[in-house]
Amino acid sequence: MSARTKDDIAAAIARDITAEHPDGAYVNLGIGQPTLVADHLPHDSGVVLHTENGMLAMGPAAHGDDIDPDLINAGKIPVTELPGAAYFHQADSFAMMRGGHLDVCVLGAFQVSAGGDLANWHTGAPDAIPAVGGAMDLAIGAKRVWVMMTLFDKQGASKLVPTCTYPLTGVGCIERVYTDLGTFAVGPSGVHALEINGIDIDDLVERMAPLELHLDRVVRAGGDR
Amino acid sequence: MTARICTGTGGTGYDEAVAGTADGSTVLVGGFGMAGMPVELVDALIRQGAGDLTIVSNNAGNGDTGLAALLATGRVRRIVCSFPRQADSWVFDDLYRSGRIELEVVPQGNLAERLRAAGAGIGAFYSPTAVGTPLAEGKEVREIDGRTYLLEYPIHGDLALIKAHTADRMGNLVYRKTARNFGPVMATAARTVAVQVDRVVDTGTLDPESVVTPGVYVDRIVPATQEAAA
């Protein structure tokens, strides 16, 4: 079994959202890769998408004549509205986020710590221009905050780390991390692999060191799928 | 009470709407990207010539028009925003990297709530956003019922420039789709509120149940065309 593609990761997230929220859920998908999750949610999932710029029941990306410059998502991409959609202003949009009214939020990340700290807004490089947008509000707002990312960076270093070295977006806010090589629970009891994809367990443990990887909760590994 | 419908005495309606803006003003500019961006009002502010401005807006300009064009004039001393860096924010990027503009980065929800607080007469509030991050630096920290919060202060504007879809002559506003974004909160948070709209309708035409911004907040309205003011 091979490593997961972006679409495979998005499908896994969509599968878990629907399995763990059988009656539907209010979900915010962060800009970039997490938006792919929407493509994998069944039409009858009951999932209602929130976009931070002020809309619930956001539909798929708009094409051709459906493009309306007044109807965009958080990534400023033209989108559509679904039946039951609602529009609201920014203070309301972030009140529903900060107030814990959203069930799941999926974000991208530079790093996630074993304890669930998130770093995804600023590389800390001296010439980088800081831009946070809604990331800090999203990180601490939704009931469950999940991350979608590659497990290793371009230099091969694990992005799941004992302690984040990039500037933090939120503290102890992440519950689960979905990657190309597996799914991990993070939090007070450290990192537990839930699923491992396309990599030998011993290799994974070695490449993620010095992070301590707990294997007591692995439900799917290697080629058993 | 009616809002002033600006149809352009000595210039365009947009010029009339921003007349009298003083140097050193804090100007709230609506929009999320280009959705809800009051481009014509910002262009009028450029012509009006006020300088030493503080701009409060979600982004720091896109491309070379609107807010980006205002920044390019060098008349903005400081910008308060959540997401300055974008693929097409080259005007801001250049000013920032050469030290010609001050930047205060505010998480988007705190930006909205600080504007809301200003409009609602709230002296300050505790927010859980940004706790434990670099943006918490210098802020008062308080634990309430086991959760940690930061003290956040309101952001008041001297002038707000926003875009709505329809206004009536009392200044009641209806927005369109996600172009609503910062309009309603900014409309409450500034001493003078100028709104550009696609059309102005007679008082009594808008469904009172659907009014988003009540006219009490709105001072000046510019319809997109003369016909639209009818």
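The values are calculated or read from the model by the stated rules, or taken from the named source; none is laboratory data. Keep in mind that this is a model prediction, so the values were computed, not measured. As a convention, Cβ positions derive from the backbone with ideal geometry for all residues, glycine included, and neighbour counts pool all protein chains shown.
For segment A:59-119, the strands (runs of 3 or more DSSP E) that sit wholly inside it and include 2 or more residues that are under 18 Å from A:Leu49 (Cβ atoms) and of a type in the set (Gly, Ala, Ser) are A:79-87. Beta carbons closer than 6 Å, at least 6 apart along the sequence or on distinct chains, pair a first residue in segment B:174-193 that is facing chain A (nearest Cβ under 9 Å) with a second that is surrounded by fewer than 24 Cβ atoms within 10 Å (Cβ to Cβ) and of a type in the set (D, E, K, R) for B:Arg176/A:Asp70; B:Lys177/A:Asp70; B:Ala179/A:Asp70.
Selection of segment B:11-37 for residues being in contact with a Pro (Cβ under 8 Å, 6 or more places away or on another chain), surrounded by 23 or more Cβ atoms within 10 Å (Cβ to Cβ) and within 22 Å of B:Cys81 (Cβ to Cβ) yields B:Val29, B:Gly30, B:Gly31, B:Ala35.
The one condition from (1) assigned to a strand (DSSP E or B); (2) among the aliphatic types (A, V, I, L, M); (3) without any contact (Cβ under 8 Å) to a residue 40 or more places away in the chain that A:Val147 does not meet is (3).
Of the residues making up segment A:30-61, those that are under 22 Å from B:Phe182 (Cβ atoms) and at pLDDT 95 or above are A:Leu49, A:His50, A:Thr51, A:Glu52, A:Asn53, A:Gly54, A:Met55, A:Leu56, A:Ala57, A:Met58. Go through segment A:186-225 and give me each residue that's in a strand (DSSP E or B) and modelled with pLDDT of 95 or more. Result: A:Val191, A:His192, A:Ala193, A:Leu194, A:Glu195, A:Ile196, A:Leu213, A:His214. Between B:Val27, B:Val80, the distinction of being in a strand (DSSP E or B) and away from every other protein chain (no Cβ under 14 Å) belongs to B:Val27 only. Taking each residue of segment B:83-103 that is farther than 19 Å from A:Val132 by Cβ and looking for partners that are surrounded by fewer than 19 Cβ atoms within 10 Å (Cβ to Cβ) and among the small types (Gly, Ala, Ser) with beta-carbon atoms closer than 6 Å, six or more apart or interchain, yields B:Val91/B:Ala72.
From the list B:His165, B:His156, the one residue that fits, being touching a residue at least 24 places away in the same chain (Cβ under 8 Å), within 13 Å of another protein chain (Cβ to nearest Cβ) and either more than 21 Å from the chain's Cα centre (by Cα) or surrounded by fewer than 21 Cβ atoms within 10 Å (Cβ to Cβ) (or both), is B:His165. Test A:Asp70 against the stated conditions and say whether it is more than 9 Å from chain B (Cβ to nearest Cβ), of a type in the set (D, E, K, R) and over 25 Å from A:Ile9 (Cβ atoms). Judged against the criteria, A:Asp70 is not a match.
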